[in-house]
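J.: Got a structure here, written out as structure tokens. Questions coming.
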Amino acid sequence: MEWQQKKGTMSAPARSVFVIDDEEPLRKVLNTHLTKEGFRVIQSPGGAKVFDLLRTNSYDLVICDIKMPEVDGAEVLDYVRTQFDTIPIIMLTGFTDIAVAIDVMKKGAFDYLMKPVRKDDLMATIRRALVHRDLLVRNKELEAENREYQQFLEQKVRERTKELNVKAMELEGAYGILKNMNVQFVNVLAETIEAKDHYTRGHCNRMRVLCVELGRLAGLHGEEIELLEYASLLHDLGKISVNEAVLNKEGPLSDDEHRHIQRHSEIGEKILIEGIPLMESVARIIGAHHENYDGSGYPRQLKAGEIPVGARIIAVADLFDAMTSDRPYRKGLPTGDVIIEMEKVAGTQLDPEIVRLFIDHRLHLLNGGVRANA
Ligand SMILES: [Fe+2]
């Protein structure tokens, strides 16, 4: 028993018992028994002073009479239960108080003893009470340790979350840099294509601006817009394989020359898929940018919804930019004429919904602005 071990340990302080009873002879008997057993005993005949003594000392156990003239034992019990939840309290009662004894048990007394108190009963009850007290104290310590550990864990989680947030921001920054580099590379590639085709200077950048805006209006967002941006810059990538003399020929092209140029959409798709497999979606858009809405385009004669939306957007922007641009053999057409032409081919060559978005949102003004900056 822990209380017995403490009794035999020189360094452990004696356990203290607070005895409250208005009968002095009984207090003396209890004092004698308890002192002999190694307890430190504090006595009180009762009254309001009891509460001061409870507040100003620490006790391992309280033994209290139920029936006292000034302050009733039930009041003391109530005070100890509410203020010192780990101190057990044993109530003392005469034979006639049995109903009251049961009542105090219900109110939280550890046990009760009948007067006259027998030493054996007293010591057995005290032993049980002190074991109970030790368990309560240990339980409280464990609860406190648990709370402390919980707080430690919460603190750790907060610190880790903070670290992860910092890492996430770093990653986001790094991703931004990589994305920027990606766009720059694609731009360099687009300019390389333009360098080969003398008459399309600035075309890729104008296409990028028009396509991104059309894409937003068509309900694309996030990655879809990003892919469309790359595809608009690289849509004529395949022209890298087209004979420069044919590409820059002034005057009408022969059928063979037409077929030669028409291969650029397929070749661009192939170059990109083989070179950068991650850009497959971009490649598919590039491969379909000369498909017509009614299925009369090339290379696969796809129609309407079979054509990736990015390719349908590029086709609209491409036609507008090509018709408004100057060529060595002709001047660029006025915007109004080009819009009339776009309306004419809406539903055959071009996706009518995309054409509608272009016209309703006056995107020709956007193109003019970009052209001025080119
Ligand atoms: Fe093209």
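We did not get these values from a lab; they are worked out from the coordinates using the rules stated. Worth saying up front: this structure is predicted, and the values here are computed from it rather than measured. Here the Cβ positions follow ideal geometry from the backbone for every residue, glycine too, while neighbour counts run over all protein chains shown.
J.: Ranked by Cβ crowding within 10 angstrom, fewest neighbours first, how are Glu75, Glu266 ordered? Let's see the in-between values first.
T.: Working: Glu75 15, Glu266 18.
Going from sparsest to densest Cβ surroundings: Glu75, Glu266.
J.: Here's another thing I want to ask about it. From the backbone phi of region 339-344, what are the Karplus-calculated ³J(HN,Hα) couplings (6.51 cos²θ - 1.76 cosθ + 1.60, θ = phi - 60°) in whole Hz, Gly and Pro given as x?
T.: Residue by residue, region 339-344 yields 5, 4, 5, 4, 5, 5 Hz.
J.: Further question: Starting from the Cα-Cα distance between Lys179 and Arg259, subtract it from 0.36 nm times their residue separation and give me the gain in nm to one decimal. Could the numbers behind the result be given before it?
T.: Details: separation 80, 0.36 × 80 = 28.80 nm, distance 3.59 nm.
The Lys179-Arg259 span can extend by a further 25.2 nm.
J.: Just subtract the alpha-carbon distance of Leu136 and Arg118 from 0.36 nm times their residue separation and send over the number in nm, one decimal.
T.: 3.8 nm
J.: Then there is this: Calculate one ³J(HN,Hα) per residue across region 320-327 by plugging θ = phi - 60° into the Karplus curve 6.51 cos²θ - 1.76 cosθ + 1.60, and present them in order as whole Hz with x for glycine and proline.
T.: So the J values, rounded to whole Hz, are 4, 5, 5, 6, 8, 8, 6, 10.
J.: On to the next question. Collect residues whose amide H, placed 1.01 Å from N in the peptide plane, falls under 5 Å from the amide H of Gln43; neighbours closer than 5 in sequence don't count.
T.: Result for Gln43 returns Val19.
J.: Here's something else I'd like to know. 7 Å from Cα along Cα→Cβ at both Lys28 and Glu353: what's the point-to-point distance in nm?
T.: For the pair Lys28/Glu353, the computed spacing is 10.7 nm.
J.: If you don't mind, another one. For Arg15, enumerate residues with amide H under 5 Å from its amide H, sequence gap 5+ or separate chain, H modeled in the peptide plane.
T.: Distant-sequence amide H within range of Arg15: Arg40.
J.: Take every DSSP beta bridge with both residues inside region 2-145 and express the antiparallel ones as a percent of the total, to the nearest 5.
T.: Counting only bridges with both partners in region 2-145, antiparallel ones make up about 0 percent.
J.: Through the Karplus equation 6.51 cos²θ - 1.76 cosθ + 1.60, θ set to phi - 60°, convert the phi angles of region 205-219 into ³J(HN,Hα) values in whole Hz; use x for Gly and Pro.
T.: With coefficients 6.51, -1.76 and 1.60, one gets 5, 5, 4, 4, 5, 5, 5, 4, 5, 4, x, 4, 5, 7, x Hz.
J.: Kirkwood hydrodynamic radius, computed over distinct alpha-carbon pairs, for region 2-145: how many Å, to one decimal? Please report the intermediate quantities before stating the final value.
T.: Details: mean 1/r = 0.0650 Å⁻¹.
Taking every pair of different Cα atoms in region 2-145, averaging 1/r and inverting gives 15.4 Å.
J.: Which of Lys249, Lys28, Lys331 moves the most in a Gaussian network model of the chain with Cα springs under 10 Å?
T.: Among Lys249, Lys28, Lys331, the largest GNM mean-square fluctuation belongs to Lys28.
J.: While we're on this one: Excluding Ser44 itself, calculate the net charge of residues whose Cβ lies under 9 Å from the Cβ of Ser44, where each Lys or Arg counts +1 and each Asp or Glu counts -1.
T.: +1
J.: I'd like the distance between the alpha-carbon centres of region 188-230 and region 316-352, rounded to an integer number of Å.
T.: Result: 17 Å between the Cα centres.
J.: Where both residues lie in the chain, what percent of DSSP beta bridges are antiparallel, nearest 5?
T.: 5 percent
J.: Can you list residues from other chains, or at least 5 along the same chain, whose modelled amide H is less than 5 Å from the amide H of Leu113?
T.: The list, which skips near neighbours in sequence, is Met91, Leu92, Thr93.
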